[in-house]
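Take a look at the structure below.
The values are calculated or read from the model by the stated rules, or taken from the named source; none is laboratory data. As the structure is a prediction and not an experimental result, all values here were calculated from the model. Here the Cβ is made from the backbone with ideal geometry for all residues, glycine too, and neighbour counts use every protein chain on show.
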Amino acid sequence: MALERTLSIIKPGAVRRNIIGQIISRFESSGLRIAAARMVRLDREQAERFYAVHRERPFYPELIAYMTEGPILVMVLEGEDAIVKNRAIMGSTDPQKATPGTIRFDLGKNTTRNTVHGSDAPETAAVEIAFFFKPDEICGRYA
Ligand code: IDP
Ligand code: MG
């Protein structure tokens, strides 16, 4: 077990549907804590940079359009094994393939509109957290 931080995003559809609280409750009840949080409206350049790894994928234009259609909530979550734990709470990318009880199964609309983003590894978590937060904006128990 390791104390970790991970980046979580509540995507535009979930913000618009007013289900931020439902999603955050799931993180908290699983033992993750919010160490930083901010509402953000991504512009196209920011969304393209954040998802640059997917630039060549067929779903990239749709993903960028979705992530820029309204405000998002960006958060740093921290806790024991936060990266893997967050991914487990989120469920598989495609809500139809996700396990019942996960955020994406219960609340996702389709593979693009799947309500949440979560970092997938320690290296990407560090890069993604730094994309949105300065060190002094993170007020966790860890470090
Ligand atoms: P992840 O969010 O589960 O890590 P990634 O493969 O990193 O999944 O993809 C990033 C985001 O791009 C997904 O959360 C989803 O919104 C979108 N996406 C991924 N694969 C597809 C697809 O096959 N069709 C449509 N959208 C996709
Ligand atoms: Mg990913």
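Of the set (1) within 27 Å of Gly140 (Cβ to Cβ); (2) buried (at least 17 other Cβ atoms within 10 Å of the Cβ); (3) more than 15 Å from ligand 2 (Cβ to nearest atom), all apply to Ala47 but (3). Does Ile9 meet the test of being of a type in the set (A, V, I, L, M, F, W, C), crowded, with 16+ Cβ neighbours inside 10 Å and part of a strand (DSSP E or B)? The answer is yes for Ile9. Based on what the data block shows, is Gly79 touching an Asp or Glu at 6+ places or on another chain (Cβ under 8 Å), small (Gly, Ala, Ser) and modelled with pLDDT under 95? When the stated conditions are applied, Gly79 does not pass them. Condition test on Arg104, is it in contact with a helix residue (DSSP H, G or I) (Cβ under 6 Å, 6 or more places away or on another chain) and at pLDDT 95 or above? In short, yes. Restricting the first member to segment 46-61 and to residues that are over 12 Å from Val127 (Cα atoms), and the second to residues that are more than 7 Å from ligand 1 (Cβ to nearest atom) and in a helix (DSSP H, G or I), the beta-carbon pairs closer than 6 Å and six or more apart or on different chains are Ala47/Ile64; Ala47/Met67; Glu48/Ile64; His54/Tyr60. When Glu123, Glu62 are checked against the criterion of being acidic (Asp, Glu), more than 9 Å from ligand 1 (Cβ to nearest atom) and either surrounded by fewer than 17 Cβ atoms within 10 Å (Cβ to Cβ) or more than 19 Å from Pro12 (Cβ to Cβ) (or both), Glu123 stands alone in meeting it.
Conditions tested, residue by residue: (1) under 20 Å from Ala14 (Cα atoms); (2) away from ligand 2 (no atom under 15 Å from the Cβ); (3) polar (S, T, N, Q).
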{"site": "Glu56", "(1), (2), (3)": "no, no, no"}
{"site": "Gly70", "(1), (2), (3)": "yes, yes, no"}
{"site": "Gly79", "(1), (2), (3)": "no, yes, no"}
{"site": "Arg87", "(1), (2), (3)": "yes, no, no"}
{"site": "Thr112", "(1), (2), (3)": "yes, no, yes"}
{"site": "His117", "(1), (2), (3)": "yes, no, no"}
{"site": "Ile129", "(1), (2), (3)": "no, no, no"}
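Considering the conditions (1) exposed (fewer than 15 other Cβ atoms within 10 Å of the Cβ); (2) modelled with pLDDT of 95 or more, Ala143 is excluded by exactly one of them, (2).
With respect to being in contact (Cβ under 8 Å) with a residue 40 or more places away in the chain and either among the aliphatic types (A, V, I, L, M) or under 17 Å from Tyr51 (Cα atoms) (or both), Ala121 falls outside the description.
In this structure, Lys97 qualifies as within 11 Å of ligand 1 (Cβ to nearest atom) and over 16 Å from the mean Cα position of the chain (by Cα).
In the set (1) assigned to a loop (DSSP other than H, G, I, E, B); (2) out of contact with any Asp or Glu (no Cβ under 6 Å at 6 or more places or on another chain), Thr111 fails one condition alone, (2). Contact map, segment 68-82: first residue more than 10 Å from Glu4 (Cβ to Cβ), second residue of a type in the set (Phe, Trp, Tyr) and assigned to a loop (DSSP other than H, G, I, E, B), Cβ cut-off under 7 Å, separation 6 or more or different chains; pairs are Val76/Phe133. Restricting attention to segment 7-27, the residues that are under 12 Å from the mean Cα position of the chain (by Cα) and of a type in the set (Lys, Arg) total 1.
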